[in-house]
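The values are calculated or read from the model by the stated rules, or taken from the named source; none is laboratory data. Keep in mind that what you see is a predicted model, and the values were worked out from it rather than measured. Counting neighbours? That spans all protein chains shown, and the Cβs are built from the backbone with ideal geometry, glycine included. Surface areas here come from the heavy atoms of the whole protein model, side chains and all, with no ligands, DNA or RNA. Shrake-Rupley method; radii C 1.70, N 1.55, O 1.52, S 1.80 Å.
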Protein chains: 2
Amino acid sequence: MSGDKAPLEMLKGAAEAAGEYEHEMMFIGDIDTITSIAAHENININLPNIKLVQSNGVITMDDMPLSVVRDKKESSMGLGLRMLADGQGDAFVSAGNTGALHAGSTLVVRRIKGVPKSAIATILPYKNPTMLLDSGANVEIDANTYLHFAHMGSIYMKKMFGIEKPRVGLVNIGSERAKGTKTVVAAYELLEAAENINFVGNVEGKDLPLGGCDIAVADGFTGNIILKLTEGCGAYMMEKLKGIFYENMLTKLSAAAVKKGLKKLKTEFTASEYGGAPLLGLSKTVIKAHGGSDALAFRNAIRQSIKCVDSRMVYEIALALNADFAKAQSEPANTDNTK
Amino acid sequence: MSGDKAPLEMLKGAAEAAGEYEHEMMFIGDIDTITSIAAHENININLPNIKLVQSNGVITMDDMPLSVVRDKKESSMGLGLRMLADGQGDAFVSAGNTGALHAGSTLVVRRIKGVPKSAIATILPYKNPTMLLDSGANVEIDANTYLHFAHMGSIYMKKMFGIEKPRVGLVNIGSERAKGTKTVVAAYELLEAAENINFVGNVEGKDLPLGGCDIAVADGFTGNIILKLTEGCGAYMMEKLKGIFYENMLTKLSAAAVKKGLKKLKTEFTASEYGGAPLLGLSKTVIKAHGGSDALAFRNAIRQSIKCVDSRMVYEIALALNADFAKAQSEPANTDNTK
């Protein structure tokens, strides 16, 4: 029920996914609304693998994150997360309020045991698809959390994008190892020493769009700035291009020839080309579809959730992090995590 | 002697500035090199207001910041900063190593009394010229420093860009006042309460390029990521555009019509359209010209330094910050600056 284009586009996309896959799908929302939209828009929801579940209310963009477990716990998001936690499903997909989805997932679905932080992991449409984690859930993190994020991202990019040794970059303000805050410097050392991590060192802002790494690890404050500035730069460049093309008759004509390419470029920078953002570190699969998702984007996010479940993403992450976590505890601490 | 295109382009630009202004200019470098280049390239340095000063060595991009006051203190940058501190000049302009210039300025030229942090203040080529401070000098700052930066930026944008009430935005990950780290939340309160600051609240990454503010205050870590990511996004978009225009004969033809506009767009995103970055909070004017500056950009940076001196920038900043600083000390502290 939540998302800029909900419920119509969500319903369309989900119905398409249900037609494509045999997996059981529960559409959580107001049943009357769903059935009347389906009838009106000619969307086939009479499939054996579709089950409608009645919820009450919607988390809006203005709601506080914790409303999902408090006054709006019967909303589509609140109910869906409880059902997921209760074992009534393996994955949950939402295009709604990111803060609420993360808070609800953490409190209701809970993190993998031994994993202190979960991350919102966005895939940025740079030269190569680049996973950025954290994208805003944790404004401050300690050095160990960078390591956890690197492991989670590596497993995800390997399983979902087929990259054998995904390159992990530490978001920083210079290439030298001594750059950045104390925490970032400590994170560098941990990443460099880690097994099963293909650490390529620090990545600067200018390296990111040009394909400097497959996974960029950062605190949620920095990550969120990166995510939204990329969007803002894209929007601004498109505006500037418009100005260039609207200058005179000749430039207007030339715009026609490249219209398709420019439209594609715009889409790439305004929505997520690579489906939704997985919330990594949780004990179940939760996918945050882009707020502006249309039916296609939402169907892709559902596909993505199926692929996550089928590839046992949560299990693999638990395995990697628990092993790593156990190892870190048995070694003398060499990092400054005070903050 | 430093900068990607030094010494030729620096010499050209400086000689042009000397021809344009009556201000005395000291060209600090290797005199033999300077005179031979001038002779070879037909650059007129025989003007009454040009004085050549012999230095030894150059700070390169690989040198550690502190080399400017240690093993390379006789370099053009080291000597220039000492001359500035000694009262032999009113302003210093360099296209060299930013870290060294900031460290040297802080240690040799020194900050205004009562100003605990100086900032590298870059002007970003967004929808409106946007001053970003800090751009990388101070990776972590306390809440009070955001306020200092806001004052310094406001004075600069008013004097140099003629904006009567420049809009100050706090770089953050959401529009709500409670967003961000404890320090950022405390900075919000200080900025909101400040007199003589036109505070427009939090600005997110997506607002920056689209003209959300005239001055964006941030810690140097965040600022540096913003600065370089903007550059990276610009470079990546240009690469994508090239691909769109090279697709077929028709698109190639259309490229010709907008060539000029695109070239301009590229320049705007790769170099600084608005001259160099002032180092604010120092007791003298220091301008960091872009590393890739050509003669024109370097001449503009010199112009900018003259305008700073003529408009008594340092004095105005000292006045605003000392008054503000004195006031802050006499009031009960309401912010969390522990870190």
For this session: Work out from phi, with θ = phi - 60° and the Karplus expression 6.51 cos²θ - 1.76 cosθ + 1.60, the ³J(HN,Hα) of each residue of region B:104-113, listed in order in whole Hz, and give x for Gly and Pro.
Result: x, 4, 5, 7, 9, 6, 6, 7, 4, 4
Problem set entry | Top positive-direction residue, dipole computed over region A:33-163 with Cβ charges, set A:Ile123, A:Met64, A:His148 | A:His148
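At a Förster distance of 25 Å, what's the computed FRET efficiency of B:Ser311 paired with B:Glu195, Cβ-Cβ distance as r, to 0.05? Don't jump to the answer; show the numbers that get you there.
Details: r = 21 Å, r/R0 = 0.86.
So the FRET efficiency works out to roughly 0.70.
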For this session: Amide H neighbours of B:Gly201 under 5 Å, at least 5 residues apart or on other chains, H built in the peptide plane: list them.
Result: B:Leu170
For this session: Find which of B:Gln88, B:Thr183, B:Leu227 sits farthest along the positive direction of the dipole of the protein assembly as shown, computed with +1 on the beta-carbon of Lys and Arg, -1 on that of Asp and Glu, about the Cα centre.
Result: B:Leu227
For this session: Mind listing the long-range amide H neighbours of A:Thr130? Cut-off is under 5 Å, sequence gap 5 or more, other chains count too, H placed in the peptide plane at 1.01 Å from N.
Result: A:Leu124
Exercise. At a Förster radius of 60 Å, what calculated FRET efficiency corresponds to the Cβ-Cβ distance of A:Ala39 and A:Lys182, to the nearest 0.05?
Worked result: 0.50
For this session: Between the label point of B:Arg177 and that of the same position in each other copy, find the distances and list them shortest first in nm, with every label point placed 7 Å from Cα along the Cα-to-C-beta direction.
Result: 4.5
Problem set entry | Unsatisfied cross-links (Cα-Cα over 26 Å) in the set A:Lys307/B:Lys240; A:Lys51/A:Lys117; B:Lys206/B:Lys264 | A:Lys307/B:Lys240; A:Lys51/A:Lys117
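Using helices alone, what [θ] at 222 nm do you get for chain B, with -39,500 (n - 2.57) per DSSP H run of 4 or more residues, divided over all residues and rounded to the nearest 500?
Numbers: 10 runs with 154 residues, N = 339.
Theoretical 222 nm ellipticity from helices: -15000 deg cm²/dmol.
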Problem set entry | Projected area, mean over directions - region A:135-175, Cα convex hull, nm² | 3.7 nm²
For this session: Treat every Asp and Glu Cβ in region A:1-58 as -1 and every Lys and Arg Cβ as +1, leave all other atoms uncharged, and give the resulting dipole magnitude about the Cα centre to the nearest 20 debye.
Result: 80 debye
Exercise. Amide H of A:Ile50: which non-local residues (sequence gap of 5 or more, or other chain) have their own amide H closer than 5 Å, using H built in the peptide plane?
Worked result: A:Met25
Problem set entry | Whole-angstrom Cα spans of chain A along principal axes, big to small | 63, 62, 36
Problem set entry | Computed magnitude of the charge dipole of chain A (debye, nearest 20; Cβ of K, R +1, Cβ of D, E -1) | 500 debye
Exercise. What's the local net charge at A:Asp30, with K and R +1, D and E -1, over the other residues with C-beta under 14 Å away?
Worked result: -1
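Tell me the net charge near A:Glu316. Cut-off is 11 Å between Cβ atoms, A:Glu316 excluded, with +1 for each Lys or Arg and -1 for each Asp or Glu. Please report the intermediate quantities before stating the final value.
Numbers: positive: A:Lys158, A:Lys159, A:Arg312; negative: none.
Overall, the nearby charge balance is +3.
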Problem set entry | Label 7 Å beyond Cα on the Cβ vector: A:Val53 copy-to-copy distances, nm | 7.4
For this session: Evaluate 2.2 N^0.38 Å with N set to the residue count of region B:140-222, then give the Cα radius of gyration divided by it.
Result: 0.99
Exercise. Just how large is the dipole of the protein assembly as shown about the Cα centre, in debye to the nearest 20, putting +1 at every Lys and Arg Cβ and -1 at every Asp and Glu Cβ?
Worked result: 820 debye
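Taking 8 Å as the Cα distance limit and 6 or more residues as the minimum spacing, I'd like the relative contact order of region A:192-313 as a percentage.
Numbers: 71 pairs, mean separation 17.2, N = 122.
Normalised by residue count, the contact order of region A:192-313 is 14 percent.
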Problem set entry | Unmatched cysteines, chain A - criterion: no other Cβ of a Cys under 4.7 angstrom | A:Cys213, A:Cys308
Seminar exercise, completed: The alpha-carbon center of region A:89-157 and that of region A:225-296 are separated, in whole Å, by 22 Å
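Please list, by residue number, every one of the trypsin sites (Lys or Arg not before Pro) in region B:1-79 that is coil in DSSP and has at most 15 other beta-carbon atoms within 10 Å.
Working: sites: B:Lys5, B:Lys12, B:Lys51, B:Arg70, B:Lys72, B:Lys73; in loops: B:Lys5, B:Arg70, B:Lys72, B:Lys73.
The qualifying sites are B:Arg70.
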For this session: Kindly report, to the nearest 10 Å², the accessible surface of A:Thr267 as traced by a 1.4 Å probe over protein heavy atoms only.
Result: 80 Å²
Seminar exercise, completed: Once phi for every residue in region B:124-140 is put through the Karplus expression 6.51 cos²θ - 1.76 cosθ + 1.60 (θ = phi - 60°), the whole-Hz ³J(HN,Hα) values, with Gly and Pro written as x, are 8, x, 7, 3, 10, x, 10, 7, 10, 9, 8, 9, x, 6, 10, 5, 10
Exercise. From the label point of B:Ala193, set 7 Å from Cα along Cα→Cβ, how far away are the matching label points in the other copies, in nm, ordered shortest to longest?
Worked result: 4.3
Exercise. Counting other Cβ atoms within 10 Å of each Cβ, which trypsin sites (Lys or Arg not before Pro) in region B:287-324 have at most 16 and sit in a DSSP loop?
Worked result: B:Arg312
Exercise. To the nearest 0.05, how large is the calculated FRET efficiency for A:Asp86 and A:Asn248 if R₀ is 51 Å and r is the Cβ-Cβ distance?
Worked result: 0.20
Exercise. Under a point spin-label approximation (7 Å from Cα along Cα-to-Cβ), what is the B:Asn128-A:Leu47 distance to one decimal in nm?
Worked result: 5.0 nm
For this session: Calculate the translational D of region B:1-115 in whole µm² s⁻¹ from Stokes-Einstein, where the hydrodynamic radius comes from the Kirkwood formula applied to all Cα pairs, the temperature is 25 °C and the viscosity 0.890 mPa s.
Result: 169 µm²/s
For this session: Convert each backbone phi in region B:164-178 into a coupling constant with the Karplus relation 6.51 cos²θ - 1.76 cosθ + 1.60 (shift: θ = phi - 60°), then list the ³J(HN,Hα) values in order as whole Hz, x for Gly and Pro.
Result: 4, 10, x, 7, 9, x, 9, 5, 8, 9, x, 7, 5, 5, 8
Problem set entry | Shielding score for A:244-250, defined as the mean number of other chain Cβ atoms within 10 Å | 3
